[in-house]
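As structure tokens, the structure follows; a few thoughts come after it.
None of the figures in this text is laboratory data; all of them are computed from the coordinates on show. These numbers come from a predicted model, not from an experiment. Because the Cβ atoms are built from the backbone with ideal geometry, glycine has one as well, and the counts that use them run over all protein chains shown.
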Amino acid sequence: MIKVTGYAAKHSYSRLKPYEFEREEAGAHEVEIDVLYCGVCHSDIHQVKNEWSNTVYPCVPGHEIVGRVTKVGPAVKRHAVGDIVGVGCMVDSCGQCEACKCGDQNYCGSPNSWLATYNGPMIPKAKAGENIYGKDNTFGGYSNVLVVKEDFVLKIPAALQPEVAAPILCAGVTTYSPMKHWGVKAGDKVGIIGMGGLGHMAAKIAKAMGAEVTLFTTTKEKIEEAQKLGFQAVLEKDKKALEELEKSFDFMLSTVPEKHDLNPFVELLKRDSVLCVVGALEPLAPTDNMAMAQMRRSVAGSLIGNLAETQEILDFCAEHGIGPEIEMIRIQDVNDAYKKVEKGEVRFRYVIDMASLKEEIAGEQ
């Protein structure tokens with residue numbers, strides 16, 4: 001067993017605090033990773049506060065992980081000691097269902113679905129009646145060491161700074177996957193709703209694909225920030241501006257991480273176009289089916305991305321020289337960072353420098 005230190009929440013109302021636990025050493029097909037950086041995702045906050053009513057405590061968040069391989073199992077072929085690698089939202093899937101055989105591990109159809117990097121199976125034993133993974137809880141990247149199956153470990157291109165690569169493992173692939181699925185291409189007009197960690201990354205990816213991008217935000221400050229990044233931006237409550245954009249978008253992506261009304265944006269879609277929701281994982285207000293039917297529009301959802309897509313977007317960002325705008329923090333400041341994320345004060349993604357955890361561990365020895 002490996003002794004590990006991380007930051008965990010033990011209740012929905014508690015702060016993240018140092019937490020010691022153990023991981024099994026790398027098996028034949030697994031790699032051991034020294035965690036260097038971990039992005040702070042809004043999902044981490046939802047999970048820590050049990051806002052999705054499924055949190056397993058103690059909760060060690062973190063699924064935007066970049067680190068260095070320190071040990072490989074004897075059967076590992078994809079990675080070597082010293083490699084800079086990434087781990088996203090998944091660390092296992094059944095590998096046998098139709099979705100997994102098609103490479104869509106993120107839609108695993110097994111009784112427990114896929115095994116999350118933290119918080120255990122997506123469908124826990126209590127609901128499935130079994131646990132094919134034998135792990136009711138998993139601990140994520142807010143820790144100094146990770147052990148993961150080699151197939152669920154991604155290669156970080158040399159052209160990407162490792163700290164910049166971290167949020168791409170969730171925010172990047174979560175926005176890339178639906179754009180790929182619905183065929184966003186050069187010349188398309190794409191609307192991105194919300195300009196946070198996912199939204200600004202989605203805009204960069206769509207622009208690199210050759211699309212004309214418009215961002216929709218609720219704050220005037222972000223209008224200016226969008227323009228600095230080279231994007232058109234519109235206030236969501238500007239009815240005149242929305243009227244002028246009716247029936248003009250080939251694809252729209254909602255990245256807002258909470259309940260919001262989609263109806264004003266449905267009107268902006270062209271005939272046969274799609275508005276995909278990736279930010280909110282909860283019931284939303286009903287859409288006006290007359291507005292949908294008259295133009296054969298669709299509202300859809302998408303969940304993270306599969307392993308191949310995650311590698312694709314890492315390589316795509318390296319090729320096009322794009323990445324998220326990040327602010328580096330120490331892990332000791334993560335609770336304050338959570339508050340700022342909820343207030344929309346981060347620009348645009350916090351990344352934890354895990355050297356700060358190692359310093360804390362060394363200071364206690």
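A Cβ-based charge dipole, computed about the Cα centre of the range 86-207 with Lys and Arg at +1 and Asp and Glu at -1, lands at about 360 debye.
Please determine, in degrees from 0 to 90 and to the nearest 10, the orientation of helix 307-320 with respect to the longest principal axis defined by the Cα atoms of the chain, where the helix direction is its Cα long axis. Once rounded, the angle reads 70 degrees.
Grouping the Cα pair distances of the range 53-168 into 10 Å bins from zero gives a pair-distance distribution of 14, 41, 35, 9, 0 percent in increasing distance order. Taking 21 Å as the limit for the C-alpha separation, the pairs Lys220/Lys247; Lys17/Lys127; Lys220/Lys240; Lys77/Lys149; Lys259/Lys343 exceed it in the case of Lys220/Lys247; Lys17/Lys127.
Summed over qualifying helices (DSSP H, 4 residues or more, each -39500 (n - 2.57)) and divided by its residue number, the chain shows a 222 nm mean residue ellipticity of -7000 deg cm²/dmol.
Pairing the Cα long axis of helix 355-364 with the longest principal axis of the chain, what angle in degrees results, from 0 to 90 and rounded to the nearest 10? Relative to the chain, helix 355-364 is tipped by roughly 30 degrees.
Taking amide hydrogens as placed 1.01 Å from N in the peptide plane, the amide H of Ile193 sits under 5 Å from those of Phe216, Leu253, Ser254, Thr255, each at least 5 positions away in sequence or on another chain. Shown in residue order for the range 138-155 are the 3J(HN,Hα) couplings computed by the Karplus curve 6.51 cos²θ - 1.76 cosθ + 1.60 at θ = phi - 60°: 10, 10, x, x, 7, 8, 8, 9, 10, 10, 9, 4, 4, 5, 9, 10, 9, 8 Hz (x for Gly and Pro). Taken as Cα centroids, the range 73-149 and the range 314-335 sit 23 Å apart, rounded to the nearest whole angstrom.
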